[in-house]
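To keep things clear, I will list the structure first and then write my remarks on it.
Only the coordinates and a few stated rules stand behind these numbers; no lab work does. From a predicted model like this one, the values you see are computed outputs, not experimental measurements. All Cβ positions, even for glycine, are placed from backbone atoms using ideal geometry, and neighbour counts span all protein chains on display.
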Amino acid sequence: MDTGIEIPRRIATNPTESYDMMKKSLLIGAMLTLGATQLEAQCFGFGLVPNIPANSWGNTVPTDRAVFNNCVDGLVLGMAARPRGTGNPAITDNGISTYYVQAGPDVSTNPPAGTGYATWNFAFYVGGDNKAQYSYKLFVDFDPTAGSPSLGFGLPLIYTPNSWNLGMPIFGPVTFNPNVEGDYAFRLAAYTDDTYATEVASTSMNVVSTVPEPSTYVLMASGLLGLGLASRRRRAARAIA
């Protein structure tokens with residue numbers, strides 16, 4: 001590895017000195033490699049995406065709980081999962097790159113009629129001063145039951161942050177069942193040009209979808225019932241006033 005640092009060399013005069021010089025050289029090489037690895041690790045992260053404008057992904061996207069890559073100067077890639085709309089279950093994460101969501105259809109206040117949207121969306125972000133210099137692709141795994149995620153479905157993107165649902169028709173003939181349990185994989189990659197031959201950066205995340213326990217359904221039903229009763233009381237109070 002060319003580190004740009006020249007290590008002084010001289011000829012050893014005895015076997016012991018030769019062995020000591022070899023140990024020093026290996027130690028210096030290990031230190032330089034460790035420094036490069038630590039520097040690279042600093043540009044991959046989980047948390048608040050660097051240099052992201054407020055509400056770039058929408059008001060409900062957890063921009064402080066995102067997977068990001070800012071290893072390339074002037075380019076930032078980010079991904080995150082979030083509940084769709086209001087009324088869907090909360091999302092948790094492992095603080096690294098995996099989000100945990102509840103399987104099932106969208107129950108938000110205004111779901112699209114006749115579509116099988118999931119309770120969660122996945123958001124992606126492209127930012128930085130040099131974002132227009134690159135081309136982008138979003139890779140999606142539509143088979144959460146596969147032993148290993150298959151990211152064969154690649155969708156060219158423009159560098160506009162967005163939040164999508166796997167049930168959306170933008171994915172063409174690919175079918176999606178929001179009730180399926182499993183592990184979904186997502187990957188956002190940047191390339192030098194629109195031939196997508198040379199990748200310069202990427203970030204990825206997993207979304208684990210599980211069916212809630214029966215007790216969870218009871219709690220959800222109780223909560224929805226409570227909201228309905230509260231709304232009915234408010235309407236009755238306004239009618240009396």
Exercise. Dividing the convex hull volume of the alpha carbon atoms of the stretch 77-182 by its residue count, what do you get in Å³ per residue?
Worked result: 124
Exercise. Once you put a point 7 Å from the Cα of ASP64 and another 7 Å from the Cα of VAL211, both along the Cβ direction, what distance in nm separates them?
Worked result: 3.6
Problem set entry | Under 14 Å, Cβ to Cβ, from MET168 - net charge with Lys/Arg +1 and Asp/Glu -1 | 0
Problem set entry | Amide N proximity, the stretch 116-138 versus PHE171 label position 7 Å along Cα-to-Cβ, cut-off under 14 Å | 116-123, 138
Problem set entry | Nonlocal amide H pairs with ALA81, under 5 Å, H built at 1.01 Å | ALA123
Problem set entry | Separation in nanometres of the label points that stand 7 Å from Cα toward Cβ, at ILE158 and SER97 | 2.9
Seminar exercise, completed: If each K or R counts +1 and each D or E counts -1, the residues other than SER97 whose Cβ falls under 13 Å of its Cβ total 0
